[in-house]
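K.L.:
There's a structure below that I have some questions on.
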Amino acid sequence: MNDALKIGILSANHRSPAFVDLMKRTQASLREKLEIPANYTILFTSSATECWEIIAQSLTKNGSLHFYNGAFGQKWLDYTIRLKGTSLGLPFDLNSVPDTKAAPPLEAESVVCVTHNETSNGTRLPEVTMRSLRRKFPKQLIAVDATSSMGGTQLDFKTADIWFASIQKCFGLPAGLGIMICSPKVRKVAEQTGDRLRYNNLLFMYEMMDKFQTPYTPNVLGIYLLSRTIEAAEPISIISERLDERHNNWISFTEKLNSIWPLISNEAVRSQTVLPLAGEPELISKLKTAAAKAGLLLGEGYGEWKENTFRIANFPAILPAEIKRLQSFLKKF
Ligand SMILES: *Cc1c(COP(=O)(O)O)cnc(C)c1O
């Protein structure tokens with residue numbers, strides 16, 4: 001943040017060469033470190049929520065189908081229904097994966113929406129599931145909410161058309177910036193759809209990004225901080241491996257406790273970046289109070305799991321010493 005002030009990027013206007021340079025650099029670093037294919041376009045928004053709306057408005061001319069098993073997937077479906085009047089939702093079980101056989105035949109270029117990492121309940125879609133979705137829906141657009149996995153989990157971008165996230169989860173940065181990564185097909189569908197109704201329509205975003213700019217004054221500080229942290233970060237393959245190790249360590253740690261256990265029993269769909277632990281509501285409540293007294297703020301359970309779970313983040317920015325401290329508190333408790 002000091003550097004951003006010193007070099008004057010915060011006062012440079014968002015059509016200036018200084019901004020264009022920053023945008024080019026940020027995209028190049030993201031592409032390199034996250035292994036984003038060369039023909040995918042990187043766009044910036046204000047949040048993941050905004051991406052839900054952009055997809056509904058600028059791409060959903062032939063309808064959408066949402067597979068979901070938690071609160072964020074459901075919210076995405078709700079936003080789409082509000083904007084488009086209709087959409088199809090197919091819920092699936094916590095310990096399973098989307099049932100593609102349950103899907104009705106879909107028109108080409110309709111949008112299939114999935115949440116890669118469901119932050120509310122700590123599940124994720126394994127890579128085999130992403131590949132089978134691609135095989136099942138070759139002509140449709142597959143849109144993926146990867147808000148709490150991008151920047152932590154290694155993603156195979158080729159298995160979908162749209163990937164989006166915001167930077168306050170695995171990127172470890174202050175909130176207020178969203179990233180949207182799109183395959184070449186997305187621009188074609190946006191052109192056919194022809195939506196130009198709102199300031200953040202996808203066509204306008206693409207046209208401005210052809211010049212490495214954005215339709216509106218973006219979160220320049222967020223972009224700068226993203227570029228610096230990504231430049232300093234290790235490649236995603238290494239980060240992802242480390243998170244896997246830490247996740248496995250957490251699981252073996254919980255196996256030694258007898259009063260709390262992982263909410264998700266199916267290993268294959270356990271999130272690598274969010275671990276909800278479950279127990280009797282009375283015990284979980286006492287645990288949260290004791291943790292607060294010890295100076296540890298436990299992540300609340302979400303929605304229907306509020307009373308009987310708490311959530312541990314396994315984001316890259318979390319330090320080994322912090323994990324140790326939490327584990328020693330849990331052991332004592
Ligand atoms: C946090 C989160 C969102 C919302 O992100 P915003 O930046 O608040 O819009 C959406 N989807 C998932 C899966 C999330 O974890």
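K.L.:
Just to be sure I understand: of the beta bridges DSSP finds with both ends in the chain, what percent are antiparallel, rounded to 5?
P.N.:
60 percent
K.L.:
As a test, work out the antiparallel percent of DSSP beta bridges whose residues both lie in region 1-140, rounded to the nearest 5.
P.N.:
Within region 1-140, antiparallel bridges account for around 20 percent of the total.
K.L.:
Once you sort the root eigenvalues of the Cα gyration tensor of region 106-192 as a ≥ b ≥ c, which label holds: rounded (a/c under 1.5), prolate (a/b larger than b/c) or oblate (the other case)? Write down the numbers at each step before the final one.
P.N.:
On the way: a/c = 2.31, a/b = 1.44, b/c = 1.61.
The shape class here is oblate.
K.L.:
Suppose we keep just the DSSP beta bridges with both residues in region 85-201; what percent of those would be antiparallel, to 5?
P.N.:
The antiparallel fraction comes to roughly 45 percent.
K.L.:
As a test of the formula, what do you get for the chain when each DSSP H run with n ≥ 4 contributes -39,500 (n - 2.57) and the sum is divided by the residue count, at 222 nm and rounded to the nearest 500 deg cm²/dmol?
P.N.:
It comes out at -13000 deg cm²/dmol, rounded to the nearest 500.
K.L.:
Cα gyration tensor of region 252-333, axes a ≥ b ≥ c as square roots of the eigenvalues: rounded (a/c below 1.5), prolate (a/b > b/c) or oblate?
P.N.:
It is rounded, given that a/c, with a ≥ b ≥ c, falls under 1.5.
K.L.:
Let me ask another. In square angstrom, what is the accessible area per residue of region 53-115 with a 1.4 angstrom probe?
P.N.:
Using a 1.4 Å probe on heavy atoms only, each residue of region 53-115 averages 42 Å².
K.L.:
Something else: Each residue of region 177-194 in order: what ³J(HN,Hα) in whole Hz does its phi give by Karplus 6.51 cos²θ - 1.76 cosθ + 1.60, θ = phi - 60°, with x for Gly and Pro?
P.N.:
Computed from phi, the couplings for region 177-194 are 8, x, 10, 10, 10, 10, 6, x, 5, 4, 5, 4, 5, 4, 5, 5, 5, x Hz.
K.L.:
Find the accessible area per residue for region 203-289; the probe is 1.4 Å, ligands and nucleic acids are left out, and the unit is Å².
P.N.:
Counting only protein heavy atoms, the per-residue value for region 203-289 is 47 Å².
K.L.:
In addition: When N is the residue count of the chain, what does its C-alpha Rg come to as a fraction of 2.2 N^0.38 Å?
P.N.:
Working: Rg = 20.4 Å, N = 333, 2.2 N^0.38 = 20.0 Å.
Its radius of gyration relative to the 2.2 N^0.38 Å reference: 1.02.
K.L.:
For region 1-127, report the % of Cα-Cα distances exceeding 21 Å. Let's see the in-between values first.
P.N.:
Details: 4516 of 8001 pairs.
For region 1-127, the fraction of Cα-Cα distances above 21 Å is 56 percent.
K.L.:
I've got another one for you. Would you please give the residues with an amide H less than 5 Å from that of E300, counting only those at least 5 places away or on a separate chain, with H modeled from the backbone geometry?
P.N.:
R311
K.L.:
Kindly flag which residue pairs out of K158/K331; K84/K139; K169/K293 have an alpha-carbon separation exceeding 32 Å in this structure.
P.N.:
K158/K331
K.L.:
Which of the three applies to region 234-287, rounded, prolate or oblate, going by the alpha-carbon gyration tensor with a ≥ b ≥ c and a/c under 1.5 meaning rounded?
P.N.:
Prolate, since a/c reaches 1.5 and a/b exceeds b/c.
K.L.:
Continuing with this model, one more query. Using Cα-Cα distances under 8 Å and only pairs 6 or more residues apart, what relative contact order does region 42-200 have, in percent?
P.N.:
Computed over region 42-200, the figure is 28 percent.
K.L.:
Can I ask one more? Ignoring ligands, DNA and RNA, what percent of the accessible area of the chain is carbon or sulfur (1.4 Å)?
P.N.:
Taking all protein chains in place, the chain shows 54 percent carbon and sulfur surface.
K.L.:
How high is the relative contact order of region 51-114? Use alpha-carbon pairs under 8 Å, at least six apart in sequence, and give a whole percent.
P.N.:
After rounding, I find 46 percent.
K.L.:
If the reach is capped at under 14 angstrom between alpha carbons, list the aspartates and glutamates near K211, excluding any in the same chain fewer than eight residues apart.
P.N.:
D21
K.L.:
Follow-up. Determine ³J(HN,Hα), in whole Hz, for all residues of region 38-52 in sequence, where each value follows from phi through the Karplus function 6.51 cos²θ - 1.76 cosθ + 1.60 and θ = phi - 60°; x replaces Gly and Pro.
P.N.:
4, 8, 8, 8, 9, 10, 10, 10, 9, 6, 5, 4, 4, 4, 3
K.L.:
Might you tell me the accessible area per residue for region 1-51, computed with a 1.4 Å probe and given in Å²? Intermediate values should be presented prior to the final figure.
P.N.:
Numbers: 2560 Å² over 51 residues.
On a per-residue basis, region 1-51 sits at 50 Å².
K.L.:
Which residue fluctuates the most in the chain, going by a Gaussian network model with Cα springs under 10 Å, if the choices are S166, S252, S237?
P.N.:
Of the options given, S252 has the highest mean-square fluctuation.
K.L.:
Also, I was wondering about something else. Under a point spin-label approximation (7 Å from Cα along Cα-to-Cβ), what is the N39-N13 distance to one decimal in nm?
P.N.:
3.7 nm
K.L.:
Next up: Report relative contact order for the chain in percent, whole number only (criteria: Cα-Cα under 8 Å, sequence separation at least 6).
P.N.:
Relative CO of the chain lands at 21 percent.
The values are calculated or read from the model by the stated rules, or taken from the named source; none is laboratory data. Bear in mind that the values here come from a model prediction, so they are computed numbers and not experimental data. Methodologically, a virtual Cβ is constructed for each residue, glycine included, from the backbone with ideal geometry; neighbour enumeration extends over all protein chains shown. Quick note on the areas: whole protein, heavy atoms, side chains included, nothing else; ligands and nucleic acids left out. Shrake-Rupley method; radii C 1.70, N 1.55, O 1.52, S 1.80 Å.
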